[in-house]
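The block underneath contains the structure these notes are about, expressed in structure tokens.
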Amino acid sequence: MPDAATEDYPFKGFNHFLLTSQQINTTLGLQYSKAATKMQMTLLHYLIINNLIDSLDVALKASVEYGLALLDLNAVDLTQLPLYLLNEKLLRKHNTLPLFVRGNTLFIALADPTDQTALDEIKFHCQLHPEVILVEALKLTRAIDICIDASTSTNLTLFENTYDASDISLSIEDTSDDADINDTPIVSFLNKTLTDAIKKNASDIHLETYENTFRIRFRTDGLLYQYANPPLSIANRIISRIKVMAKLNISEHRIPQDGHLKISLSKDKAVDFRVNACPTLFGEKIVLRILDPNKAHMGVKQLGFEPEQEKLFLDAINKPYGMILVTGPTGSGKTVTLYSALNLLNRIECNICTVEDPVEITVDGINQVNVNLKTGLTFATTLRAFLRQDPDIIMVGEIRDFETADIAVKAAQTGHLVLSTLHTNDAPQTLNRLLQMGIEPYNIASAILLIMAQRLARCLCPLCKKIVIIPTATLLSFGFNESELNDLTIFGAVGCDNCKTGYKGRIGIFQVMPLSEALRNLILANGNAEQITRLAELEGNHTLRTSGINKVRLGITSLEEIDRITKEKQ
């Protein structure tokens, strides 16, 4: 048993201030007895929980002795701690909490600043340099209990140990013995990153390597936000771990690679990720697209159509044959719109086939094909095969070339309902794009039922949005009528704990243009996009900007957001 007066006793400066010599000797005897060893607690912790010394007295004395600032844990938001860096076992064992990360330094809450064992083990576990911030022992114990209790009360928890390698079900089994790939800190960090992205409703995760930094960003509601800046020294380990999970070649760094992984968060919750690795100047960039199967079951009413637009869309998809085209940039929600239609059409009497690059949403009852250029499985060859498979409805992920467009148009003319997408700015320009591909005007006029352009606008947070005053001249320039200005209420973004940015969720903004007889005649007369736009407006079809302004009138989004997503000339 150590002597209380020896240098081995870490808190020798507290001896005569906090305890008598007899108390110290008795306490040390108990601490190092067999029973106390089974408790797995430090001497200081033992003293405090047995009320032999006061927690606050110890903290104040340690603050003076070691020149450390004393933090009141009551003032800390426990939900914002980077708990994914340390598992529950480490928190309990060393009575510590991670507070925040700055560069390569992890600031941790400790009541015993002399616990070098804790510092060494934390450094080994998370590959960060631990820096001590002093806290009261009793408050620290309570805070740890609160965090762990919170973690067990939700499916998507704060702690990595709930979603570690043994609990998250991946689409593969990791068989590599490489410690750099399978080490626990990297597994823990990546599991936390994936679950955080799902909780934040992110659509993409970007992992980017630069000369001096490594960063991770989430795309949420269409915009990228910083998530974390892990140390550059572990960048290759994180990237290698993702490549193993996605069945990519971890030794290949010179060419892009595509892969896929799946995690099961519970018996009823599984999420797919599409993975792409691309070589960059200072390493590889990884982008994971989150493919949420729940989006496939989104109803048409939740998409954001105005009543008359919804009617036109539903009328078109219930026609026995013809073509429906949805246009817009990448990430504008085209696939979700098409799958919302397919879900309505997915009946036992319908044979539905889709060809996509890649399939992003899987649906029972629909025959889905992934394009594979290496084996010659292109959009065109798959479409030809579909036509020999007795289809009723065909969905083409994207029309990219003349051959695909020609087969799709002919299928629409021969008794099939064809749904597809194009990358154009608005509905009228879609007609010009097909003409440029080489499709004859008479085929376009006879095959197409409806063309839709769409964007996704961020919705104002209902908890913090506020009324804003906009100059009359600005409102008129946006397309508001002077007669409505007196009764018009415009809302703007603020930002709160619920949303952070003033926006939460997104809603579709649509331009729905059915091909009327007058529009077909104009196409046959080689009318240009501007003439088609004017005629469509005369027939009452809203532009994207007009549809967006209606969402502003309803208080769903802000004028700034509509201006951001419809800056091109409509």
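Here is how the numbers come out for the structure above:
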quantity: Output for the stretch 490-519, where each listed residue is surrounded by fewer than 19 Cβ atoms within 10 Å (Cβ to Cβ), assigned to a loop (DSSP other than H, G, I, E, B) and more than 16 Å from the chain's Cα centre (by Cα); calculated: 494, 495, 496, 497, 498, 516
quantity: Yes/no for residue 379 being under 33 Å from the mean Cα position of the chain (by Cα) and at pLDDT below 95; calculated: yes
quantity: Failed item, numbered, when residue 356 is tested on (1) at pLDDT 90 or above; (2) surrounded by fewer than 17 Cβ atoms within 10 Å (Cβ to Cβ); (3) of a type in the set (Asp, Glu); calculated: (2)
quantity: Matching residues in the stretch 254-288 - criterion: being among the hydrophobic types (A, V, I, L, M, F, W, C), surrounded by 15 or more Cβ atoms within 10 Å (Cβ to Cβ) and modelled with pLDDT under 90; calculated: 261, 263, 265, 271
quantity: Unique match (being open to solvent by 70 Å² or more (accessible area, probe 1.4 Å), assigned to a helix (DSSP H, G or I), within 13 Å of residue 431 (Cα to Cα) and modelled with pLDDT under 95) among 446, 477, 483; calculated: 446
quantity: Single match in 336, 363, 326 (criterion: without any contact (Cβ under 8 Å) to a residue 60 or more places away in the chain and within 29 Å of residue 222 (Cβ to Cβ)); calculated: 336
quantity: Test: residue in the stretch 476-484 that is within 18 Å of residue 454 (Cα to Cα) and either of a type in the set (A, V, I, L, M, F, W, C) or out of contact with any strand residue (DSSP E or B) (no Cβ under 8 Å at 6 or more places or on another chain) (or both); calculated: no
quantity: Failed item in (1) touching a helix residue (DSSP H, G or I) at 6+ places or on another chain (Cβ under 7 Å); (2) assigned to a loop (DSSP other than H, G, I, E, B); (3) open to solvent by 40 Å² or more (accessible area, probe 1.4 Å), with residue 470 passing the rest; calculated: (3)
quantity: Helices (runs of 4 or more DSSP H) within the stretch 523-570 that include 3 or more residues under 15 Å from residue 503 (Cα atoms); calculated: 559-565
quantity: Sole residue being part of a helix (DSSP H, G or I) and modelled with pLDDT of 85 or more, chosen from 119, 99; calculated: 119
quantity: Residue 548 being out of contact with any helix residue (DSSP H, G or I) (no Cβ under 9 Å at 6 or more places or on another chain), open to solvent by less than 60 Å² (accessible area, probe 1.4 Å), in contact (Cβ under 8 Å) with a residue 24 or more places away in the chain and under 26 Å from residue 462 (Cβ atoms); calculated: no
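The values are calculated or read from the model by the stated rules, or taken from the named source; none is laboratory data. From a predicted model like this one, the values you see are computed outputs, not experimental measurements. Note: ideal-geometry Cβ built from the backbone for every residue, glycine included; neighbour counts use all protein chains shown. Accessible surface is based on the protein model in full, side chains and every heavy atom, while ligands, DNA and RNA are left aside. Shrake-Rupley method; radii C 1.70, N 1.55, O 1.52, S 1.80 Å.
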